[in-house]
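Visitor: Sending over a structure as structure tokens; questions will come in a sec.
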Amino acid sequence: LRMAYPARSPVDRIKCAGSVFAVRRAPWTAVHILDPLGREVVAALRPGDDAGLLIPEPVEQLRPVPAPEARKALNLPKDGRYLVLAGGIDRRKGADLVLGAFELAELEKTDRLLLAGIHESAIRHLISSRYETFLDSGQLLSFDRFLTREEFWLALNAADVIAAPYPAHIGSSGIIARAAYLGKPTVASRYGWVGEATQCFALGLTCDVTNPVEFASAI
């Protein structure tokens, strides 16, 4: 529900106004909502109405895999600590921000960043032009391809910390839900549902991911 989030442009403001109008006028009896922030807006717009029903994030509860086993299955180095960003590796998900913060963070040489999923062309260019040294040293590991369901799950299980640096994500996040299920701490954006859920359920640390120093410190 975009209306639960700050409007960032005139087009967003028009969309939000349309959503508010629709919520007030819609003849709902029950609508299931994933986003608690969206549920709060619906409750405020329709006081006394139980039309907006909060439901949990639906994620597959596959068998957790021990990190050493997951790393072995993916042919990753077994030692060190892993920060993992999985899924679409693009600027919308903050891939550029996590790269910049990882570069600034005070880490050991065996601490690694795994980017697991198809990379946006801008991220490929960023890695080749600025972060090749990290690739050569093995601190940056890049799986720039479509991941099978099993590989995606193994990548999350290989992590010590799961990254969710989405700078302006609208709505809930399956990655956050999977991290919670696996008991993996997250380093996440403070924005929206992602930040709210991470803080409310003590799932990890949140920060202003657009501030490289603050993000690096959180890592």
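Visitor: How big is the gap, in Å, between the Cα center of region 37-95 and the Cα center of region 175-193?
Guide: 6
Visitor: Sticking with this structure for a sec: Compute the accessible area per residue over the chain, keeping the other protein chains in place, probe 1.4 Å, unit Å². Can you show the working numbers first?
Guide: Details: 11380 Å² over 219 residues.
Value for the chain: 52 Å² per residue.
Visitor: In addition: Could you compute the net charge surrounding Phe215? Neighbours are other residues with a C-beta less than 12 Å from the C-beta of Phe215; K and R count +1, D and E count -1. Intermediate results must be reported in sequence, preceding the final value.
Guide: On the way: positive: Arg190; negative: Asp96, Glu103, Asp208, Glu214.
So the surrounding residues net to -3.
Visitor: Could you pull the accessible area for Trp28 with a 1.4 Å probe, rounded to 10 Å²?
Guide: The accessible area comes out at roughly 80 Å².
Visitor: Same structure again: Out of every Cα-Cα pair in region 11-96, what percent are more than 20 Å apart?
Guide: Working: 2244 of 3655 pairs.
When all Cα pairs of region 11-96 are counted, 61 percent exceed 20 Å.
Visitor: Could you name the lysines whose alpha carbon sits less than 17 Å from that of Lys109, not counting residues in the same chain fewer than 8 places away?
Guide: Lys78
Visitor: Give me the percent of accessible area attributable to carbon and sulfur for region 72-214, probe 1.4 angstrom.
Guide: Details: 3460 of 6610 Å².
Carbon and sulfur: 52 percent of the exposed surface of region 72-214.
Visitor: With r defined as the distance between the Cβ atoms of Ser217 and Val59 and R0 fixed at 45 Å, what FRET efficiency is calculated, to the nearest 0.05? Before the final figure, lay out the partial values.
Guide: On the way: r = 29 Å, r/R0 = 0.65.
The formula returns an efficiency of 0.95 here.
Visitor: Can you tell me the relative contact order of the chain? Whole percent, Cα pairs under 8 Å, sequence separation 6 or more. Intermediate values should be presented prior to the final figure.
Guide: Numbers: 376 pairs, mean separation 45.3, N = 219.
In percent, rounded to a whole number, it is 21.
Visitor: Starting from the Cα of Ala30, step 7 Å along the direction of its Cβ; do the same at Asp144; then give the gap between the two resulting points in nm.
Guide: 4.8
Visitor: Which whole number in µm²/s is D for region 93-199 by Stokes-Einstein, with the Kirkwood Rh taken over Cα pairs at 4 °C and 1.567 mPa s?
Guide: Numbers: Rh = 14.6 Å.
Roughly 89 µm²/s, to the nearest whole number.
Visitor: Also, quick follow-up: Run a plain Debye calculation on region 168-213 (Cα atoms as equal point scatterers, no solvent) and give log10 I(q)/I(0) at q = 0.32 Å⁻¹, rounded to two decimals, same order as the q list.
Guide: -1.24
Visitor: Now a separate question. Which length gain, in nm to one decimal place, applies between Ala168 and Glu69 when the Cα-Cα distance is subtracted from 0.36 nm times their residue separation?
Guide: Numbers: separation 99, 0.36 × 99 = 35.64 nm, distance 3.39 nm.
This chain segment gains 32.2 nm when fully extended.
Visitor: Still on this structure, I have one more. When you count, for each residue, the other Cβ atoms within 10 Å and take the mean per peptide, how do 58-67, 177-186, 119-128 rank with the highest first?
Guide: Result, highest mean Cβ count within 10 Å first: 177-186, 119-128, 58-67.
Visitor: In whole percent, what relative contact order does region 28-121 give with Cα contacts below 8 Å and a gap of six or more residues? Write out the running numbers ahead of the final one.
Guide: Numbers: 85 pairs, mean separation 23.1, N = 94.
Value for region 28-121: 25 percent.
Visitor: So, one more: If you count only protein heavy atoms and use a 1.4 Å probe, how large is the accessible surface of Val11, to the nearest 10 Å²?
Guide: Result for Val11: roughly 80 Å² accessible.
Visitor: Could you work out Rg/(2.2 N^0.38 Å) for region 1-44, with Rg from alpha carbons only?
Guide: Working it through for region 1-44, the quotient is 1.15.
Visitor: A follow-up question, please. What is the sum of charges, Lys and Arg at +1 and Asp and Glu at -1, for the other residues whose Cβ falls under 14 Å from the Cβ of Ser128? Could you put the intermediate results ahead of the total?
Guide: Numbers: positive: Arg124, Arg130; negative: Asp96, Glu120, Glu132, Asp136, Asp144.
Neighbour charge sum, excluding Ser128 itself: -3.
Visitor: Can you find, among Gln139, Trp193, Val209, the residue farthest towards the positive end of the dipole of region 133-219? Put +1 on the C-beta of Lys and Arg, -1 on that of Asp and Glu.
Guide: Working it through, the farthest residue towards the positive pole turns out to be Trp193.
Visitor: Over all distinct Cα pairs, what is the inverse of the mean 1/r for the chain, reported as the Kirkwood hydrodynamic radius in Å? Before the final figure, lay out each step's value.
Guide: Numbers: mean 1/r = 0.0538 Å⁻¹.
That comes to 18.6 Å for the chain.
Visitor: Mind ranking Asp90, Asp144, Asp50 by accessible surface for me, highest first, 1.4 Å probe?
Guide: Details: Asp90 35, Asp144 60, Asp50 100 Å².
Of Asp90, Asp144, Asp50, the descending order of accessible area is Asp50, Asp144, Asp90.
Visitor: DSSP loop (so not H, G, I, E, B), at most 15 other Cβ within 10 Å: list which trypsin sites (Lys or Arg not before Pro) in region 7-68 pass both filters. Spell out each step's value before the answer.
Guide: Details: sites: Arg8, Arg13, Lys15, Arg24, Arg25, Arg39; in loops: Arg8.
Taking region 7-68 and a limit of 15 other Cβ atoms within 10 Å, the loop trypsin sites (Lys or Arg not before Pro) found are Arg8.
Visitor: Ranked from the most accessible area to the least, with a 1.4 Å probe and all protein chains present, what is the order of His169, His32?
Guide: Details: His169 40, His32 120 Å².
Sorted by accessible area, descending: His32, His169.
The values are calculated or read from the model by the stated rules, or taken from the named source; none is laboratory data. Keep in mind it's a predicted model, so treat the numbers as computed, not measured. Every residue, glycine as well, gets a Cβ built from its backbone with ideal geometry; the counts of neighbours run over all protein chains shown. Side chains are part of the model used for accessible areas, which takes the heavy atoms of the whole protein and leaves out ligands, DNA and RNA. Shrake-Rupley method; radii C 1.70, N 1.55, O 1.52, S 1.80 Å.
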